[in-house]
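Written out below as structure tokens is the structure these notes cover.
No lab work stands behind these numbers, since they all come straight from the coordinates. The shown structure was predicted, so the numbers you read here are calculated from the model rather than taken from an experiment. Neighbour counts are summed over all protein chains in view; Cβ atoms, including those assigned to glycine, are modelled from backbone coordinates with ideal geometry.
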């Protein structure tokens, strides 16, 4: 008995050691990011690891030195795009997933299959075509174009929310119909109040998308610096011409947006797990 | 072991069960494929019959229709307008007028140019009177193709409205014949919020999907059959149809391109395999360690790893690519230890190993999050009996945990595999596909098919090649996803909750 207890203590301490080492390895890049954001010496590559002197300049320069990289403006751009994208996509996703989950009509199966097939094409295969469509509409390089790109086809992301609506008992609808409600009021007054988790999940994911995407922005905005979003702007700071001067500023800018995103993610992680595992695991 | 009785099946170990299922799956593949072909054939036949019947029904309606109904074939909305549904009739009439104006002024012209995609290039012409060169606008193949696709969409949409107009006219005629009161527009609008709520709810999302997914996708699929590359950029140079030439080039006839494709394709599969399974197994071990009985501060450990998910990938990966550069912090550190600079990202083999290792950093926390819950559900008596039999930790993991998990999460694994085939961020942000190789056409040694597609589009403007690759990626992901769909059977289960 004693030996087995000793063994389990040994095993547990081994696990603590492994976990600590892994934890440190996993946090090193993030710690380094924060450290570099306070580094006074410029340059991406230094012959030493820890900064030799510290400063807050990198943060203040983000907001004062806006000649080439207009961080505050990009921040506002991203915020505007994120708010509108979030509003539009949430409505679209909820309507689509609710309809496909709970309403019964003739072409429903066909639409479900179509959604499945469309999701299998690589998303940015069509970005050039989208660019030209926006150009034909006279919208290229504008924030409105970006909002439309992010939220336009958002209805296709119905899977997770549909999985949620599928689990709400149908009897609720039937009871409401007996009480004289029409389908519209059932959605707004009965199902929606029950769906807080999925609404929060949809809102947060669609709000976060514009902060982390740089592919579509770069195709749509091309060289219109004023309408860049944070992600693309920060990406530009690391090009060969800029990296020496702006590397530390990149780190500062990255820290500033990583904080809110991290907080949001930690809040929504439980919805995230149930969302991802919902369709992917057979019970 | 051809087919086991259920009782024999349950006595197998989980790993054997998996092999048995795989074996059965392969054995039944020919029959399943034949089934599928037959079913598709049957479906097509049924569709054709239904289509023929529908077409005929419009003939019958015309024969049985009265003047008002027959007039609807020519003037849309007549069947509604003349029977008192004024608003509805006017809407139909307006749509018809708009369609005719669109087609006459614009649509027909575009469709006429579709077979050639334009022949007149932009030209300079000397203007004698003003003594200057003037530009004459030529055709633009890109716009012709785009507007042709739009026009075809509009034609189909109009056809749908047109047929609806006829059906409505006939329904009205029959209802009027029975002496019923015809529903007005108010009633229709009210129905949109009740019986026809799906129309209201889906109209806006579908419009968005058509405009930003279907239309561009069809456009890009068509591009794969043209020669729209760097040297055929309208308006200066036009492009035209070339049939399957792009696919021929990729597969065999252009040596550089096909070598690149084969190389990148193989690496894509190798990458997807290692990226998926390294993450899966290591992530599971991490989850097991955190969830082990007697380990304290579980929430703390979990949060440590979750934080790394939460930092946007373009931040963490860009930073790491700079850390791992030849003069980066990692090599400075190794220099302290007396180890020479390691070419983490600059030689092919090292770069490939680096991206897989860094992907472990990126992916393990996800696996940990997702598998934690399932790991807790493994029946405890399995572990108990293993312990009594004297199995060690490793043996328990390889004989109980892993087979059980693979068994339960096969769909998740395949989804991950597909996700890794299309894993743009990790590769593009870390190595940019590099190190570049002279053997390859516009690609590097760590490029995946998707990153190659992206580079061909954005840096090289070889849209035709990129589209062809996109179609190939689609075929790969589609066949894998079909597998998931069949394995998970979620399509069949969806009703069982309600």
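Please give the average number of partner chain Cβ atoms lying within 10 Å of the Cβ of each residue in A:18-30, rounded to a whole number.
5
For chain A, what value does the Rg/Rh ratio take when both radii are computed over Cα atoms and Rh is the Kirkwood radius, given to two decimals?
Over the Cα atoms of chain A, Rg/Rh equals 1.08.
Two decimals, Cα atoms only, Kirkwood Rh: what is Rg/Rh over the range B:169-259?
1.37
For B:375, B:163, B:317, what's the fewest-to-most ordering of other Cβ within 10 Å of each Cβ?
B:163, B:375, B:317
To check my understanding: the extent here is largest minus smallest coordinate of the Cα atoms along each principal axis. What are those three numbers for the range A:2-57, in Å, largest first?
Projected onto its principal axes, the Cα set of the range A:2-57 covers 59, 21, 15 Å.
Give, in whole angstrom and from largest to smallest, the semi-axes √(5λ) of the equivalent ellipsoid of chain B, with λ running over the eigenvalues of the Cα gyration tensor.
In descending order, the three semi-axes are 54, 38, 22 Å.
Scale the Cα Rg of the range B:24-71 by the rule-of-thumb value 2.2 N^0.38 Å and send over the ratio, two decimals.
For the range B:24-71, the normalised Cα radius of gyration comes out at 2.10.
Work out how much length residue A:226 to residue A:174 would gain on full extension: take 0.36 nm times their residue separation and subtract the Cα-Cα distance, in nm to one decimal.
13.4 nm
Post the alpha-carbon centroid distance, the range A:126-193 to the range A:251-266, in whole angstrom.
If you average the Cα positions of each part, the centres end up 28 Å apart.
Which whole-number percentage describes the relative contact order of the range B:65-243, with Cα contacts under 8 Å and a sequence gap of 6 or more?
Relative contact order here is 27 percent.
Indicate the gyration tensor shape class of the range A:77-228 (rounded, prolate or oblate), computed on the Cα atoms with a ≥ b ≥ c the square roots of the eigenvalues: a/c under 1.5 is rounded; otherwise a/b larger than b/c is prolate and the rest oblate.
Prolate is the answer for the range A:77-228, as a/c is 1.5 or above and a/b outweighs b/c.
Before anything else, pin down the relative contact order of the range B:234-339: Cα pairs under 8 Å, at least 6 apart, normalised by residue count, whole percent.
7
Listing B:332, B:270, A:149 from the residue with the fewest other Cβ atoms within 10 Å to the one with the most, what is the order?
B:270, B:332, A:149
Hey, how many Å between the Cα centroid of the range A:59-97 and the Cα centroid of the range B:272-301?
So the separation of the two Cα centres works out to 35 Å.
Using alpha-carbon pairs under 8 Å, 6+ residues apart, how would you state the relative contact order of chain B in percent?
Value for chain B: 15 percent.
Compute and list, largest first, the equivalent-ellipsoid semi-axes of the range B:82-193 from the alpha carbon gyration tensor, each √(5λ) rounded to a whole angstrom.
Equivalent-ellipsoid dimensions as semi-axes: 48, 15, 11 Å.
How large is the convex hull of the C-alpha atoms of the protein assembly as shown per residue, in Å³?
It is 241 Å³ per residue.
Highest mean first, how do B:456-468, A:12-24 rank when packing is the count of other Cβ atoms within 10 Å averaged over residues?
Final packing ranking: B:456-468, A:12-24.
To the nearest 500 deg cm²/dmol, what mean residue ellipticity at 222 nm is calculated for the protein assembly as shown from DSSP H runs of n ≥ 4 alone, each contributing -39,500 (n - 2.57), summed and divided by the residues?
My calculation for the protein assembly as shown gives -22500 deg cm²/dmol from helical runs alone.
So if I average 1/r over every pair of distinct C-alpha atoms in the range A:154-283 and take the inverse, what Kirkwood radius in Å does that give?
18.1
Could you give log10 I(q)/I(0) at q = 0.18, 0.25 Å⁻¹ for the range A:101-175, computed by the Debye formula over C-alpha point scatterers of equal weight, without solvent?
-0.86, -1.17
Taking beta carbons within 10 Å but only from partner chains, what does the mean come to for residues A:144-157?
Mean partner-chain Cβ count within 10 Å for A:144-157: 3.
Would you mind ranking A:251, A:86 so that the residue whose beta carbon has the fewest other beta carbons within 10 Å leads the list?
With the sparsest Cβ surroundings first, the list reads A:86, A:251.
Please label the shape of the range B:249-490 as rounded, prolate or oblate, based on the square roots a ≥ b ≥ c of the eigenvalues of the alpha-carbon gyration tensor (a/c under 1.5 means rounded; beyond that, a/b larger than b/c means prolate, else oblate).
oblate
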